[in-house]
1. Just the accessible area per residue of the stretch 3-77, please: how many Å² with a 1.4 Å probe?
2. Counting DSSP beta bridges with both partners in the stretch 58-197, what percentage is antiparallel, nearest 5?
3. Could you list the square roots of 5 times each eigenvalue of the Cα gyration tensor of the stretch 17-152, that is, the equivalent ellipsoid semi-axes, sorted largest first and rounded to whole Å?
4. If you average the sequence gap of Cα pairs under 8 Å that are 6 or more apart and divide by the length of the chain, what percent do you get for the contact order?
5. Count the DSSP beta bridges whose two residues both fall in the chain, then state the antiparallel fraction as a percent rounded to the nearest 5.
6. Starting from a Cα-only point model with no solvent, please compute log10 I(q)/I(0) by Debye for the stretch 168-289 at q = 0.15 1/Å.
7. Rolling a 1.4 angstrom probe over the protein heavy atoms, how many square angstrom per residue are accessible across the stretch 129-191?
8. Calculate the dipole size of the chain relative to its Cα centre from +1 charges on Lys and Arg beta carbons and -1 charges on Asp and Glu beta carbons; express the result in debye to the nearest 20.
Amino acid sequence: FDKTGTLTYGQPRLVGQQVIVDGALATAAALAAKSTHPLSRALAVSLPAGAPFEGETSETPGQGIEGRADAATWRLGSAGWCGVHGGQASEESEAWLTRDGVPQASFRFADAMRGDAAEAIEALTDLGLKVSLLSGDHTAAVAAMAASAGITDFRANLLPEDKVAAIERMNRVLMVGDGINDAPALRAAHASMAPATAADIGRSAADFVFTGGELATVPFIIETARRAATIVRQNLALAIGYNAVAVPLAICGLVTPLIAAVAMSSSSMIVVINALRLRGRGAHAEQRATANRSASSHPSEEPA
């Protein structure tokens, strides 16, 4: 799993800021307005809009956005990329604004974990699967999220290429991610999923897109795939067994055309009815998902 936008709702909100140099907020807002990262979007919404950033900008996936103006280099992003050391003690996500490597301001963000995340992780564990959390966020924030979700294996401060390398060291991985930073990892995985709220490139890179927003879809998909594989094997066995008996009888002339037609139709009906067992399980899972949705509320419905 990725963290932001996957285990969480992907709707971070600004919960704290430290202004070190006067005027830093205006520059932070101007740079954030040019970025597509969820933290930048949250910052752009929370800070007063000012004049647009006058200068060239470039965004580094998994790191932040850089702007050059008036012979100065501004960076808005992770502490390490901005050249800030000694921070990142908070369990919240952080972003820093620096000018030529000198800190100008820092910002802290909170993003609520999806209501059924812990339940989904427990279901995956019950299916005999190992669950890992790969995130570009700093260690304290990733550790806190992993503990809340019940994940023991987590890795923080990962660049997009680090996620790919981690996946390539594993065997038959299902990657669940949502952002631009996750697209390479989604492609590198044996199979991949993304929520409907994911970035366009994330949805394009994923094999599955789940629209309900609940992470319970992930164990449901895996369980359904396993059941489908079992039913396919059962149907193949039925078909082989039928042909092993019926074909020799037909060759020997012991089966009339009427009996052959009835037997063929009956075998097809048995295969179809056996396959329809998946539908019954799917309807039950949908009812359970609906109950979970009604029992849990979205963070936007909670009082501020």
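The values are calculated or read from the model by the stated rules, or taken from the named source; none is laboratory data. The model shown is predicted, which means the values in this text are computed figures rather than measured ones. Positions of Cβ are backbone-derived with ideal geometry, glycine not excepted, and every protein chain shown enters the neighbour counts. Accessible surface is based on the protein model in full, side chains and every heavy atom, while ligands, DNA and RNA are left aside. Shrake-Rupley method; radii C 1.70, N 1.55, O 1.52, S 1.80 Å.
1. Here the per-residue accessible area is 50 Å².
2. Values: 20 of 26 bridges.
So the antiparallel bridges amount to about 75 percent of the total.
3. For the stretch 17-152, the semi-axes come out at 33, 14, 13 Å.
4. The normalised contact order for the chain reaches 14 percent.
5. Once the DSSP bridges in the chain are tallied, antiparallel ones form about 75 percent.
6. Log10 I(q)/I(0), no solvent term: -0.79.
7. 45
8. In total the dipole reaches around 1240 debye.
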